[in-house]
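Report on the following structure.
Read-outs throughout are calculated quantities, based only on the coordinates presented, and are distinct from any laboratory measurement. From a predicted model like this one, the values you see are computed outputs, not experimental measurements. Positions of Cβ are generated from backbone atoms using ideal geometry, with glycine treated the same way; all protein chains shown enter the neighbour counts.
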Amino acid sequence: MFLSIDIGGTSTRIALSKDGKKIEKEVKYDTPKKYDDGIDLLQENIEKLTRHKPKAVSVAVASPIDYEKGTLIKPPNLPNYKGHAIRKELELRLRTKVFLENDGALGGLGEYSQRKKVKVLGYITLSTGVGGVRIVDGRIDYHALPFEPGHQILDPHGRFWPGCGQKGCFEALASGTAFEMTYGVKPEFCEDDRIWEEHAEITSQGLVNVITLWTPEVLVIGGGLTKAGSKFTKPLIKFTKEKLKIYSPPKIEISKMGDENVLLGGLILLSGKNHFGS
Ligand SMILES: [Zn+2]
């Protein structure tokens, strides 16, 4: 039995899988803002879900990870979790091996598993924050530092972004948080097509940069903002294709999996091919 956990800024989800491939049970609850409460509640919910000791556990978090120490370097939406030895703590409590990975990276692994005959896949999630990953031959691509496509700078004179300390990064302009700051309305309540078109235009610049640096055959876009549907995704794909002049654009697809891609990606991580440094 395996567990795939996604600790998000708003909610935490725990998925249970007997064979490590298919998710059988899932629970969801609000993520406590305090680290100690978060760990206690996670253990409590796991014990409610199963009395058996899992073979291995994956934990997705929206943060760059220190893989050696098993800590979160900079979780913008859960600042109280920063620096704690979360992997070690969970291994002690759950008496099993625990793997930490960035949620955007696991989302990409999940998306890759749904596609055949793709060698290089790029994945970008547009959500509270902006993240993503490059997947090559079914593995998270080799990297010396974490992939942080959300913090490429699109406007050096743009909005200051406390999450990274830079100005005008992709996340500061294109995330759900940025959307609300710019337009004064939460994305889930915005029905104005002109606003969505403007937001798509800004977002497309980040996607063009990602395509030119990652050269994917398929770029998959996921995350909460895509729930706005075609009023956002249609101009987003159109602007991206128009702006990219250096070569023909790759396939650009909108995720059909939603947040499930992260949980599925967690199970793929546990299958062993994607541990950092392996
Ligand atoms: Zn940034």
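Over 23 Å between Cα atoms: which of LYS167/LYS227; LYS55/LYS82; LYS167/LYS245; LYS33/LYS74; LYS25/LYS48; LYS34/LYS167 fall into that group? Provide the component values of the computation, followed by the final result.
Details: LYS167/LYS227 27 Å; LYS55/LYS82 27 Å; LYS167/LYS245 26 Å; LYS33/LYS74 14 Å; LYS25/LYS48 12 Å; LYS34/LYS167 28 Å.
Cα-Cα > 23 Å for LYS167/LYS227; LYS55/LYS82; LYS167/LYS245; LYS34/LYS167; rest within.
Just flag the chymotrypsin sites (Phe, Trp or Tyr not before Pro) in the range 193-255 sitting in loop per DSSP whose Cβ has no more than 11 other Cβ atoms within 10 Å. Sites meeting the loop and neighbour criteria: TYR247. For the peptides 1-8, 123-130, 85-92, 15-22, residues were scored by their other Cβ atoms within 10 Å and the scores averaged per peptide; the highest-first order is 123-130, 1-8, 85-92, 15-22. Per the Debye formula on identical point scatterers at the alpha carbon atoms of the chain, with no solvent, log10 I(q)/I(0) at q = 0.14, 0.16 Å⁻¹ is -0.98, -1.26. Charge tally around TRP214: other residues with Cβ under 9 Å, Lys/Arg +1 each, Asp/Glu -1 each, net 0.
Are there trypsin sites (Lys or Arg not before Pro) in the range 115-158 that DSSP marks as loop and that have at most 13 other Cβ atoms within 10 Å, and which are they? Display every interim value, and only then the final one.
On the way: sites: ARG115, LYS116, LYS117, LYS119, ARG134, ARG139; in loops: ARG115, LYS116, LYS117, LYS119.
Qualifying residues, ordered by number: LYS116, LYS117, LYS119.
Starting from the Cα gyration tensor of the range 87-224, multiply each eigenvalue by 5, take the square root, and state the resulting semi-axes largest first in whole Å.
Details: eigenvalues 151, 77, 46 Å².
Equivalent-ellipsoid dimensions as semi-axes: 28, 20, 15 Å.
GluC sites (Glu not before Pro) within the range 101-193: which are DSSP loop residues with at most 15 other Cβ atoms inside 10 Å?
Listed in order of number, the matching sites are GLU191.
What net charge do the residues around LYS167 carry, taking every other residue with its C-beta under 12 Å from that of LYS167, with Lys and Arg at +1 and Asp and Glu at -1? Before the final figure, lay out the partial values.
Details: positive: ARG159; negative: ASP155, GLU171.
So the environment of LYS167 carries a net charge of -1.
Here's the picture: charge each Lys and Arg Cβ at +1 and each Asp and Glu Cβ at -1 in the chain, and of THR203, GLY258, PHE239 the one pushed furthest to the positive end of that dipole is GLY258.
Add -39500 (n - 2.57) for each DSSP H run of 4 or more in the chain, then divide by its residues: what number comes out at 222 nm, to the nearest 500 deg cm²/dmol?
Working: 8 runs with 93 residues, N = 278.
The helix contribution divided over the chain gives -10500 deg cm²/dmol.
Think of the range 1-58 as having a plus end and a minus end, set by charges on the Cβ of Lys, Arg, Asp and Glu; of PRO32, PHE2, ILE14, PHE2 sits farthest toward the positive end of this dipole. By DSSP, the beta bridges lying fully in the range 116-254 are antiparallel in about 55 percent of cases.
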